[in-house]
Number of protein chains: 2
Amino acid sequence: MAAMKHPEASEFRLEKVLHALSDGVRLGIVRQLAAEGEASCAALDGGRPKSTVSHHFRVLREAGLVRTTPFGVTHMNTLRRAEMEERFPGLLEAVLAAARG
Amino acid sequence: MAAMKHPEASEFRLEKVLHALSDGVRLGIVRQLAAEGEASCAALDGGRPKSTVSHHFRVLREAGLVRTTPFGVTHMNTLRRAEMEERFPGLLEAVLAAARG
DNA sequence: GCCTTAGTTCCATCAAACTCGAATTAATGG
DNA sequence: CCATTAATTCGAGTTTGATGGAACTAAGGC
């Protein structure tokens, strides 16, 4: 799968990030990624159809929250914590803390 | 105008807060309220129709971000910074910092 | 080459949400 | 009481976004 496009940290847009995080399914994905470090899409689908999950990962990618890297036949996803921190200091960590509590 | 209902800090829901902040108009309102302390709805309408502005204030109120108090014939709006901080520490301040930068 | 696996893309459907005009309510002033 | 001002509520139109089935693509294994 050809490398998918991910925005640079300088291109992250606050409203897009907030919108991406305002959905329950996506917030759950982000939470799990934060807890487990990395995971395939399938590991986080929660029993939902692939097309739905793929849509949510796309939104997360385009907001800059998640990086997806092809790894053999699966795709590995990681949170872009450091870049988010650089661009919007404290934001993602505050959301993660809020989602935990 | 009978006192409008505002949720308690314990009732704030993260996804609702993030959704409220993910709209450009509302983010602008929140930014201005943070800068100016308080303002009437009309002072923040940006030339938009009243019904539109009223809608956005409602979303902000229901998320817990804004408190609206009748004050004579106008309504005074303030950010509920302390309560947000109590419920979701660091979140609103990180968003405000990001919106400024 | 063929099959399987993992995701994406396309498409349609349906619900949520933004916008805004018009009617309404609430408080004040004359 | 009437007019004015400020904002809410109602209703309609339009857009955005979520969901999920079907077809497609890329990588690996036999």
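The values are calculated or read from the model by the stated rules, or taken from the named source; none is laboratory data. Given the structure is predicted, the values throughout are model-derived calculations rather than measurements. All Cβ positions, glycine included, derive from the backbone under ideal geometry; neighbour counts span all protein chains shown.
For the reader, a short list of remarks on this structure follows.
- Meets criteria (within 11 Å of DNA strand C (Cβ to nearest atom), surrounded by 19 or more Cβ atoms within 10 Å (Cβ to Cβ) and not hydrophobic (A, V, I, L, M, F, W, C)) for B:HIS56: yes
- Only listed residue being within 13 Å of chain B (Cβ to nearest Cβ) and within 16 Å of DNA strand D (Cβ to nearest atom), chosen from A:VAL59, A:VAL73, A:VAL53: A:VAL59
- Scan of the range B:38-77 for residues that are in a loop (DSSP other than H, G, I, E, B) and without any contact (Cβ under 8 Å) to a residue 24 or more places away in the chain, ordered by number: B:ASP45, B:GLY46, B:GLY47, B:ARG48, B:PRO49, B:GLY72, B:VAL73
- Of all the numbered requirements in (1) without any contact (Cβ under 8 Å) to a residue 40 or more places away in the chain; (2) assigned to a helix (DSSP H, G or I); (3) more than 10 Å from the chain's Cα centre (by Cα), B:HIS19 misses one, and that requirement is (1).
- Some residue of the range B:64-83 being at pLDDT below 95, within 28 Å of A:LEU96 (Cβ to Cβ) and loosely packed, with under 13 Cβ neighbours inside 10 Å: no
- When the range A:1-37 is filtered for residues that are surrounded by fewer than 15 Cβ atoms within 10 Å (Cβ to Cβ) and within 13 Å of DNA strand C (Cβ to nearest atom), the ones remaining, listed by number, are A:MET1, A:ALA2, A:ALA3, A:MET4, A:LYS5, A:GLY24.
- Under the condition of being away from every other protein chain (no Cβ under 14 Å), under 24 Å from B:ALA94 (Cα atoms) and among the small types (Gly, Ala, Ser), the residues counted in the range B:1-14 number 0.
- When A:ARG31 is tested against the conditions (1) more than 9 Å from DNA strand D (Cβ to nearest atom); (2) more than 14 Å from every other protein chain (Cβ to nearest Cβ), the lone failure is (2).
- Selection over the range B:22-37 of residues that are charged (D, E, K, R), under 14 Å from B:VAL95 (Cβ atoms) and in a helix (DSSP H, G or I) gives a count of 2.
- Hey, B:VAL17 within 12 Å of chain A (Cβ to nearest Cβ) and β-branched (Val, Ile, Thr) or not: yes
- Residues of the range B:84-99 satisfying the condition of being surrounded by fewer than 19 Cβ atoms within 10 Å (Cβ to Cβ) and not in a helix (DSSP H, G or I): B:PRO89, B:GLY90
- Unique residue being closer than 15 Å to B:LEU21 by Cβ and out of contact with any strand residue (DSSP E or B) (no Cβ under 6 Å at 6 or more places or on another chain) when the list is B:VAL66, B:VAL73, B:VAL53, B:VAL59: B:VAL59
- Taking each residue of the range B:78-101 that is closer than 12 Å to B:LEU27 by Cα and more than 7 Å from chain A (Cβ to nearest Cβ) and looking for partners that are part of a helix (DSSP H, G or I) and basic (Lys, Arg) with beta-carbon atoms closer than 8 Å, six or more apart or interchain, yields B:LEU92/B:ARG81; B:LEU96/B:ARG31; B:ARG100/B:ARG31.
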